[in-house]
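Enquirer: Here it is, the structure in full.
The values are calculated or read from the model by the stated rules, or taken from the named source; none is laboratory data. Worth saying up front: this structure is predicted, and the values here are computed from it rather than measured. Note that we place each Cβ from the backbone using ideal geometry, even for glycine, and neighbour counts take in every protein chain shown. Heads up: the accessible areas ignore ligands, DNA and RNA and are worked out on the full protein's heavy atoms, side chains in. Shrake-Rupley method; radii C 1.70, N 1.55, O 1.52, S 1.80 Å.
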Amino acid sequence: MFTRRTLMGAVASMALAGTTPGAFAQDGQLYIPLISKGFQHQFWQAVKTGADQAAEEMDVRVTFEGPDNETQVDKQMDMLSAALANQPDAIGFAALDSQAAIPLLRQAQDAGIPVVAFDSGVESDIPVSLASTDNVAAAGLAADKMAELLGGSGQVAVVAHDQTSRTGIDRRDGFVDQIEAEYPDIEIVAVEYGGGDHLRSTEITKALLTAYPDLDGIFGTNEGSAIGVVNGVRETGADDITIIGYDSGKAQTDAIREGIMAGAITQNPVGIGYETVKAAVAAARGEEVEENVDTGFFWYDQSNIDDPEISAVLYD
């Protein structure tokens, strides 16, 4: 069971002053800030929707914020520090860098503030729960679909969003490891990082298509990466490039309907937001929580994009 230190103990451990536990809550509500990896992608808006649903159902106050883009680790650390300064009852955190936040999270732990990781974990046992997609398995499925579409042979590249977050690492490795283990006639010629920014990912894709004229397929590991791949292929007029994405913003679903993207992995972002708040509320109340909450994933393409099971988890 989680216990709180006295206010003075929390202030001493966190070097914070002028706040009281739950100061931002109203009428006795629990206060739970969520610090996201970003705010601009439709994925994060869907996570927020789920968090807001849970907050309304459970009568708690939830705030949701993230940096302008998913390269701003320092800005995310500032947001995390500011949220902790308000002495919340629990906090949700999606790490841009799986190690950079550990000192701040340790301060939260010392102050008795439960941490729930969402979408992307940290290299620590500080979080009491992680609500996320099994990104290794999901990227492995993307690799299987790529191999199937290429007939088991060819050259492929990966345009990843980063190599510091747990999601970036797991999606890259899940895809690469599955290809290397199961498809010896498929060569991974490059893994590049675009920071989840569609403009940078577009330029990376154009450079890949120039450097590897025999390239057959590209995997984009998040919404911004996948859109960049689509735009890069469009702008170069490249033919017969099999594109597989991750997430399901409108630009991706449009690309799949048009046929330029073969298919993608969709997560359940509303479920991620909902389960994060649910776990945070339980932890704040001293209740047991699941260590890992698997929120699921699905493959979708032109053949099933309008199926009820799929359309329910698309966030376009």
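Enquirer: Anything in region 234-257 that is open to solvent by 10 Å² or more (accessible area, probe 1.4 Å) and closer than 26 Å to Tyr183 by Cα? List them, or say none.
Expert: Ala238, Asp239, Asp240, Ile241, Thr242
Enquirer: Moving to a separate point now. Take the residues of region 74-122 that are touching a residue at least 40 places away in the same chain (Cβ under 8 Å) and of a type in the set (Asp, Glu): which is nearest to Ala282 (Cα to Cα)?
Expert: Asp89
Enquirer: Among the numbered conditions (1) in contact with a Lys or Arg (Cβ under 9 Å, 6 or more places away or on another chain); (2) surrounded by 21 or more Cβ atoms within 10 Å (Cβ to Cβ), tell me where Asp68 comes up short.
Expert: Looking at each condition in turn, Asp68 falls short on (2).
Enquirer: Can you tell me which of Tyr300, Tyr274 is without any contact (Cβ under 8 Å) to a residue 60 or more places away in the chain, crowded, with 22+ Cβ neighbours inside 10 Å and outside any loop (DSSP other than H, G, I, E, B)?
Expert: Working: Tyr274 fails: without any contact (Cβ under 8 Å) to a residue 60 or more places away in the chain.
Within the list Tyr300, Tyr274, the selection yields Tyr300.
Enquirer: Now, a different point. Just name the residue that is surrounded by the most Cβ atoms within 10 Å (Cβ to Cβ) out of those in region 45-65 that are small (Gly, Ala, Ser) and within 26 Å of Asp110 (Cα to Cα). Reasoning before the result, please.
Expert: As a first pass, look at region 45-65 and keep what is small (Gly, Ala, Ser): 46, 50-51, 54-55.
Subsequent filtering for residues that are within 26 Å of Asp110 (Cα to Cα) retains 51, 55.
Working: Ala51: 28, Ala55: 23.
Once the filter is applied, the top-ranked residue is Ala51.
Enquirer: Exactly one condition in (1) open to solvent by less than 20 Å² (accessible area, probe 1.4 Å); (2) in contact with a Phe, Trp or Tyr (Cβ under 8 Å, 6 or more places away or on another chain) is not met by Ala284; state its number.
Expert: (1)
Enquirer: Now a separate question. Evaluate the following for Ser225: is it in the same structural domain as Arg200 (by TED's automatic domain parsing), assigned to a loop (DSSP other than H, G, I, E, B) and under 28 Å from Thr49 (Cα atoms)?
Expert: Against the criterion (in the same structural domain as Arg200 (by TED's automatic domain parsing), assigned to a loop (DSSP other than H, G, I, E, B) and under 28 Å from Thr49 (Cα atoms)), Ser225 does not qualify.
Enquirer: Could you grab me the full set of residues in region 153-180 that are assigned to a loop (DSSP other than H, G, I, E, B) and under 21 Å from Asn231 (Cβ atoms)? Steps first, please.
Expert: Just the residues of region 153-180 that are assigned to a loop (DSSP other than H, G, I, E, B), to begin with: 153, 161-165.
Of everything in region 153-180, those that are assigned to a loop (DSSP other than H, G, I, E, B) and under 21 Å from Asn231 (Cβ atoms) turn out to be His161, Asp162.
Enquirer: Suppose we keep only residues that are within 23 Å of Phe298 (Cβ to Cβ) and assigned to a strand (DSSP E or B) within region 96-152. Which one would you say is most open to solvent (accessible area, probe 1.4 Å)?
Expert: Here is the first cut: in region 96-152, the ones within 23 Å of Phe298 (Cβ to Cβ) are 117-121, 129-150.
In the following step, the residues that additionally are assigned to a strand (DSSP E or B) were identified as 117-118, 129-132.
On the way: Ala117: 3, Phe118: 0, Ser129: 3, Leu130: 40, Ala131: 1, Ser132: 16 Å².
Going through the qualifying residues, I end up with Leu130.
Enquirer: Might you let me know whether region 40-54 holds any residue that is over 20 Å from Gly273 (Cβ atoms) and either part of a loop (DSSP other than H, G, I, E, B) or at pLDDT 95 or above (or both)?
Expert: Going residue by residue through region 40-54, those that are over 20 Å from Gly273 (Cβ atoms) are none.
Within region 40-54, not a single residue is over 20 Å from Gly273 (Cβ atoms) and either part of a loop (DSSP other than H, G, I, E, B) or at pLDDT 95 or above (or both).
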